[in-house]
1. In region A:179-191, what count of residues is obtained for those that are within 14 Å of another protein chain (Cβ to nearest Cβ) and modelled with pLDDT of 95 or more?
2. Restricting to region B:10-38, name every residue that is among the hydrophobic types (A, V, I, L, M, F, W, C), assigned to a loop (DSSP other than H, G, I, E, B) and free of Cβ contacts under 8 Å to residues at least 60 places away in the same chain.
3. May I ask you to verify whether A:Ser129 is of a type in the set (Ser, Thr, Tyr), under 22 Å from B:Gly231 (Cα atoms) and more than 14 Å from chain B (Cβ to nearest Cβ)?
4. Can you tell me which residues in region A:72-84 are closer than 21 Å to A:Leu116 by Cα and touching a residue at least 40 places away in the same chain (Cβ under 8 Å)?
5. Scan region B:2-21 for residues that are surrounded by 14 or more Cβ atoms within 10 Å (Cβ to Cβ) and farther than 12 Å from B:Met183 by Cα and jot them down.
6. I'd like the residue in region B:60-87 that is assigned to a helix (DSSP H, G or I) and within 26 Å of the chain's Cα centre (by Cα) and, out of all such residues, is surrounded by the most Cβ atoms within 10 Å (Cβ to Cβ).
7. Within region B:265-287, how many residues are farther than 17 Å from B:Leu143 by Cα, more than 11 Å from every other protein chain (Cβ to nearest Cβ) and surrounded by fewer than 19 Cβ atoms within 10 Å (Cβ to Cβ)?
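The values are calculated or read from the model by the stated rules, or taken from the named source; none is laboratory data. Nothing here was measured: the structure is a model prediction, and the numbers come from that model. Positions of Cβ are backbone-derived with ideal geometry, glycine not excepted, and every protein chain shown enters the neighbour counts.
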Protein chains: 2
Amino acid sequence: MTDLPSPYLLFLGDTRNETYAKTAFGLRDWAPETVIGEYAMPEATVTLGLERLTPAEAASRGARALLLGIAPVGGAIPAHWLSELVAALEAGLDIVAGLHQRLADIPELAATARRLGRTLHDVRHPTVSFSTGTGLPRMGKRLLTVGTDCALGKKYTALAIAKRWRALGGNADFRATGQTGIMIAGHGVAIDAVVADFIAGAAEWLSPANSADHWDIIEGQGSLYHPAFAGVTLGLLHGAQPDLFVLCHDPTRGTIYGYPHIPMPDLADAIALYEQLGRLTNPAIACAGISINSSKMSDPERQDWMARTSDRLGLPVADPLRDGVDAFIQRMQTVTA
Amino acid sequence: MTDLPSPYLLFLGDTRNETYAKTAFGLRDWAPETVIGEYAMPEATVTLGLERLTPAEAASRGARALLLGIAPVGGAIPAHWLSELVAALEAGLDIVAGLHQRLADIPELAATARRLGRTLHDVRHPTVSFSTGTGLPRMGKRLLTVGTDCALGKKYTALAIAKRWRALGGNADFRATGQTGIMIAGHGVAIDAVVADFIAGAAEWLSPANSADHWDIIEGQGSLYHPAFAGVTLGLLHGAQPDLFVLCHDPTRGTIYGYPHIPMPDLADAIALYEQLGRLTNPAIACAGISINSSKMSDPERQDWMARTSDRLGLPVADPLRDGVDAFIQRMQTVTA
């Protein structure tokens with residue numbers, strides 16, 4: 001995999017809402033060594049608390065690219081950002097983005113980049129030609145984060161586990177499958193942008209054979225219970241061939257986010273289904289525990305829910321933000337031993 | 001959906017092996033009204049038994065396109081076919097192909113087509129921008145053919161059911177999801193060539209709301225038990241929201257074709273899994289029966305297998321080629337009533 005050109009200057013556009021700047025916050029929190037500073041238009045109110053630098057200042061301090069750390073409303077680059085992006089190219093920076101719209105499809109950007117010899121990195125658009133999946137076992141261990149739904153902590157959980165495993169002296173790589181994860185890791189595959197025939201093959205490519213004590217901690221996508229994205233989830237599960245999976249869940253969500261007609265599954269059913277389907281390519285697949293996002297629960301409520309759920313399922317339950325991930329790490333140690 | 005420009009002249013290249021000419025045979029058998037004749041290079045030994053016409057002769061009889069009815073070995077157009085394809089464009093025909101390689105990516109063909117105002121139709125490459133799936137119920141009835149594996153009769157079974165339902169006076173459309181099916185129907189979506197995020201959405205688009213007595217008979221792809229393509233199968237299942245599915249199976253296959261390390265599932269387990277996963281978007285999903293490819297079985301062997309299997313599962317079992325599809329039609333009548 002070709003690595004993205006870090007370190008970055010993080011671009012915040014004219015954003016006034018932190019939720020649109022998730023990518024920038026993710027980079028700051030998970031890959032601070034790849035970040036030189038932030039840059040925003042005068043109208044922006046969001047800040048990462050980093051040093052504010054112009055593209056020219058950042059370039060003089062070693063920045064190699066301007067990274068779009070915000071999701072524009074509607075997914076397309078607003079016209080009034082264009083002059084900023086052109087100025088960054090002129091200051092000597094590449095541009096990195098993870099949008100559905102390709103930077104290279106914007107004529108003014110494409111022409112400027114060509115003239116100056118800069119590269120536009122569209123991380124959502126795979127440049128590799130993948131093979132179809134083989135289903136053959138390969139060396140090394142793998143853990144996949146899966147979910148009852150989208151947007152409930154699969155990336156965060158995977159990053160936290162990889163970081164903790166390494167901090168304990170272990171051998172692990174975070175494997176990114178979404179745009180923010182790819183920017184944090186510097187490489188990866190936007191699995192939902194792969195042509196359908198190659199989902200499992202791309203997941204095999206992303207987590208290749210490795211030494212017996214090595215763990216790939218693979219960022220999950222979607223959910224087997226999601227009416228739009230379950231196919232992506234299943235292809236990723238088959239290609240990742242995980243030895244362990246962590247099931248991510250938000251106890252306060254009653255239905256699939258954005259799909260009020262689709263109820264949330266029971267956790268025991270969900271674990272059984274991920275195990276059943278995962279067995280096709282890894283008969284030893286097992287659940288390492290439940291990772292929850294408990295940000296909307298009071299402390300007594302959350303303690304009670306965790307105790308009851310752990311009891312019922314016979315598995316550890318933890319909110320990585322509050323409890324860390326050692327409960328899952330212990331399961332990994334059992335598999336490695 | 002824009003229809004393909006039929007009637008066609010079927011191109012057989014220099015093919016010497018009938019198995020490479022499946023698409024041509026499919027067109028001849030299932031859409032004879034769209035076929036004007038066949039055309040092959042002198043080296044070819046395969047024939048469809050149709051009148052042999054040059055592109056110019058076919059054009060003068062009303063043909064609108066040369067259709068590549070063969071799969072070239074390796075998937076790419078051999079260089080020595082090029083002059084034949086150029087000659088067809090010059091004779092006034094479009095070209096229709098269903099290959100991974102795009103006709104439009106071959107400079108000589110693209111330039112000739114542009115110069116003459118002809119169109120190159122790459123049916124494997126969707127030209128529509130799909131939305132993500134909604135999972136919302138819609139009017140009309142749907143039947144999806146699914147399988148324990150690839151290449152065991154899902155297209156044939158769907159075509160036979162749609163034809164029989166119409167012959168009995170019913171209202172039905174065959175919905176194509178693969179290249180040969182698309183050529184037969186004149187339209188459809190190569191579902192395995194859709195970007196992963198949009199598999200279910202493309203399946204919803206392909207089988208839209210319709211009158212209450214109308215059946216979409218949807219061609220299945222892959223298998224939930226296929227280590228490379230199960231994601232495609234699940235997305236198609238969720239988007240198709242079938243009321244009924246027919247499970248296609250080859251009783252003589254012990255492992256997934258090309259994957260000797262992946263055993264064939266038990267039929268009762270497979271039915272239960274398709275029902276369980278299909279319920280997410282259609283709680284009323286049910287199995288209409290088992291469609292078998294029994295071409296490698298003796299007659300007593302096949303009769304015995306069918307009787308035992310039908311008994312065990314409580315479902316009709318039929319080989320559409322030998323037994324027709326009335327057993328499945330009866331189940332559809334129950335749903336309609």
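1. Of region A:179-191, the ones within 14 Å of another protein chain (Cβ to nearest Cβ) are A:179, A:189-191.
Now narrow it down to the ones that are modelled with pLDDT of 95 or more: A:189-191.
The number of residues fulfilling the criteria is 3.
2. In the first step, residues of region B:10-38 are kept if they are among the hydrophobic types (A, V, I, L, M, F, W, C); the result is B:10-12, B:21, B:24-25, B:27, B:30-31, B:35-36.
Add one more test, that the residue is assigned to a loop (DSSP other than H, G, I, E, B), and what stays is B:12, B:31.
Residue satisfying the conditions is B:Leu12 alone.
3. Values: of a type in the set (Ser, Thr, Tyr): yes; under 22 Å from B:Gly231 (Cα atoms): yes; more than 14 Å from chain B (Cβ to nearest Cβ): no.
No.
4. The answer is A:Trp81, A:Glu84.
5. Taking region B:2-21 first, the residues surrounded by 14 or more Cβ atoms within 10 Å (Cβ to Cβ) are B:4-15, B:18, B:20-21.
Matches in region B:2-21: B:Leu9, B:Phe11, B:Leu12, B:Gly13, B:Asp14, B:Thr15, B:Glu18, B:Tyr20, B:Ala21.
6. So the first thing to find is which residues in region B:60-87 are assigned to a helix (DSSP H, G or I), and the list is B:60, B:79-87.
The next check asks that each one be within 26 Å of the chain's Cα centre (by Cα); those that pass are B:81, B:85.
Working: B:Trp81: 16, B:Leu85: 25.
That would be B:Leu85.
7. The number of residues fulfilling the criteria is 2.
Condition check ((1) touching a Gly at 6+ places or on another chain (Cβ under 6 Å); (2) within 28 Å of B:Arg164 (Cα to Cα)) across all residues:
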{"site": "B:Gly13", "(1), (2)": "no, no"}
{"site": "B:Pro32", "(1), (2)": "no, yes"}
{"site": "B:Glu38", "(1), (2)": "no, yes"}
{"site": "B:Ala65", "(1), (2)": "no, no"}
{"site": "B:Ile70", "(1), (2)": "yes, yes"}
{"site": "B:Pro78", "(1), (2)": "no, no"}
{"site": "B:Leu93", "(1), (2)": "no, no"}
